[in-house]
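Working notes for the structure below.
Please treat every number below as a calculation from the coordinates, not as lab data. Here the structure is a predicted model, which is why all the values come from computation and not from measurement. Here the Cβ positions follow ideal geometry from the backbone for every residue, glycine too, while neighbour counts run over all protein chains shown.
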Amino acid sequence: MKKLLMAGFTAAIMGFGALTFAAPGTGAPEPSHITGQIIVKFRDGGAAAGVLRQQGLGDGATIGSTGAQLVNVPAGKESQLIDTLNRNPAVEYAEPDEIVTAATDDTYFPRQYALQNDGQSFTNTAGTIKVAGGTADADVDAVDAWSFATGRDIRVAVLDSGVATDNPDINPKVVARANFSGAATNEDNYGHGTHVAGIVAASHNTSGVAGVCPDCTILAGKVLNDSGVGSTSSVANGINWAVSNGAKVINMSIGVRASRTLETAVNNAWSQGVVLVAAAGNGGNQTKIYPGAYPNVIAVAATDNNDAKASFSTYGASWVDIAAPGFNVYSTFPNHPFVLGTQNNRSMGYDVGNGTSMSSAIVAGVAALAWSSSGATHTSVRANVELTADQIDGTGTYWKHGRVNACDAVACDP
């Protein structure tokens, strides 16, 4: 593989990833579901109003194209009403609205070992070694791929905490925004979505960083609020919005428990020709998280700068499809104070992040490159991404296909 300018790096672990059920900064457990609302899908829509009235409930808002409704209920009565409604033959299913959480040239291009790496290291401004290069072949050969595909006219939906409007390296790439999180604005005050979006599509110019797919555009669907928390209904609505706005790839660096409503939204998007990518999680175990574990989603584990499984990465070749760098990945952040910056001592503007969130974003960018290089179908794009992955150690055990290779996915080195 061709190697050019890249230097790798190591730094303190950022600590944001694919699945947590603790109040930010406290370690205290949160409920696993959103209080005061449940999701209900009826076999016959005409029966909905009557069934809900029997329980003292009103009609709910439709959730995307899933056919389910988001129904307001008295706080603390969620489980009781779900059990009651599931016994009614007119109800296909009732389920909680589960809590979703975040999974976590150019001036700083030499710090982006994930794109291209020559095994060197870089020293920060304080004179201390911030990043060790690791293995030279631990990158995804993105620079080589750019000679054949850059993602022009490909829209990638980033369903996350929003994308900062004040980072000039990623904000101009956003072509549409929507807020499904309940937060007051579309602004990214958490930081995760901006970091993920920059990995996908930051401009490749004379400043900042470069995205894996530098000519892609971003659909910024805010499904996590300013504390980094969302719900299955917000994600399902975000998926529907992304499909309606022309997404070719949807990235979900998020995690949640299984949900029939979310799976329906995923399947609907896949049936309409969209490639979906999601984080496998940061539990260091084999526990499935969703949407990554759904068959119509590419589940992504994390590798480090030595091309080995990152210690924190969830794994399991029975459901994790592919791997990508997720250790100390350098990307964009908001240029205003943000939660992850405070929690993890991250700089405004640019800094590193760790997690399968970062890995998922890299694979989403590669999928977008594959779309632009072949003009093919969602099934062939997924096959190109998965079947051309490098067969590194752990393939067949930790993940099914290997570590993603952008150059091979766009057939730049036949």
- prompt: Hey, which of these cross-link pairs are over 28 Å Cα-Cα: 248/288; 288/309; 41/288; 173/400; 222/309; 222/400?
  reply: 173/400; 222/309; 222/400
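By per-residue mean of other Cβ atoms within 10 Å, what is the highest-first order of 49-60, 362-373?
Order by mean packing, descending: 362-373, 49-60.
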field: For a label point 7 Å along the Cα-to-beta-carbon line of residue 93, residues of segment 221-251 with backbone N under 20 Å
entry: 230-241
task: Determine Rg/Rh for segment 337-384; Rg is computed over alpha-carbon atoms and Rh is the Kirkwood hydrodynamic estimate from the same atoms.
output: 1.22
- prompt: What order do you get for 232, 150, 35 when you list them from fewest to most C-beta neighbours inside 10 Å?
  reply: 35, 150, 232
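If neighbour count is taken as other Cβ atoms inside 10 Å, put 327, 312 in order from fewest to most.
312, 327
Given the Cα-Cα distance of residue 391 and residue 348 and 0.36 nm per residue of separation, how much length would full extension add, in nm?
11.8 nm
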